[in-house]
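Here's the structure, in structure tokens; my notes come after.
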Amino acid sequence: MSLNPTADTEDLLALRKGQDSALNTIMERWEGPLFAFAWRYVQNVSDAQDLVAETFVRLHQQRSKLREDTRLGSWLYTVLTHLCHNHYRWRRRHPSVSLEAADPNTGLSHADQVPCQAPGPVHDLEKSEQLDSLRQAIDRLPHELKTTLLLHHYDHLSYREIAAITQCSERGVETRLYRAKQRLREDLERGAAQAAAELGTRPVHQGG
């Protein structure tokens, strides 16, 4: 998981000693991966940026409480997944701007402005109906299934790493992945069947 385990350990030690400049180094190393996860979870650029920023704020606030052997990557992802979950629940009660809504300053949709940290294939195919259906299906997954799926398939974390973040067993991670895939398959099949039914009920306009 860690981009540089040795550097993480050194920077965390420096941060615990009050060297705030170490936080900037940690942010430079982890901002990209954390943003990519947050964006996939909340599907909003601005919200993802805010959640990542809050994660680093929490790190600074709790720096003196962290053990020297804390696995920084796992800790950051754990905090971020909780923040994403809380934000998602709040957003469900307070609907905001759509991912496809145009930015008044640029004329581009928020999806078009996702930085390069987001996976290339996802960004390239983002406007396809098939991928949009998949994205919506992932968004509808329960938190524990969504988190596990995103960490495994997009962040490429191992079962052990995901278990440390989600605080469940490796067997539990495997079970969640299976359930997530099953839910996605059923959701997509149901959506496809509904779309086909809607097409079948549309009136056929005769020419002439």
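Numerical summary
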{"item": "Flag if residue 183 is farther than 12 Å from residue 81 by Cβ and either in the same structural domain as residue 40 (by TED's automatic domain parsing) or surrounded by fewer than 18 Cβ atoms within 10 Å (Cβ to Cβ) (or both)", "result": "no"}
{"item": "Residue match in the range 2-14 (condition: of a type in the set (D, E, K, R), closer than 30 Å to residue 132 by Cα and surrounded by 17 or more Cβ atoms within 10 Å (Cβ to Cβ))", "result": "no"}
{"item": "Elements of type helices (runs of 4 or more DSSP H) contained in the range 126-170, each with 1 or more residues being free of Cβ contacts under 8 Å to residues at least 60 places away in the same chain and among the acidic types (Asp, Glu)", "result": "129-139, 143-153"}
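The values are calculated or read from the model by the stated rules, or taken from the named source; none is laboratory data. Just so you know, these numbers come straight off a predicted model, no measurement behind them. For neighbour counting, all protein chains shown are included, and Cβ atoms are generated from backbone atoms with ideal geometry for every residue, glycine included.
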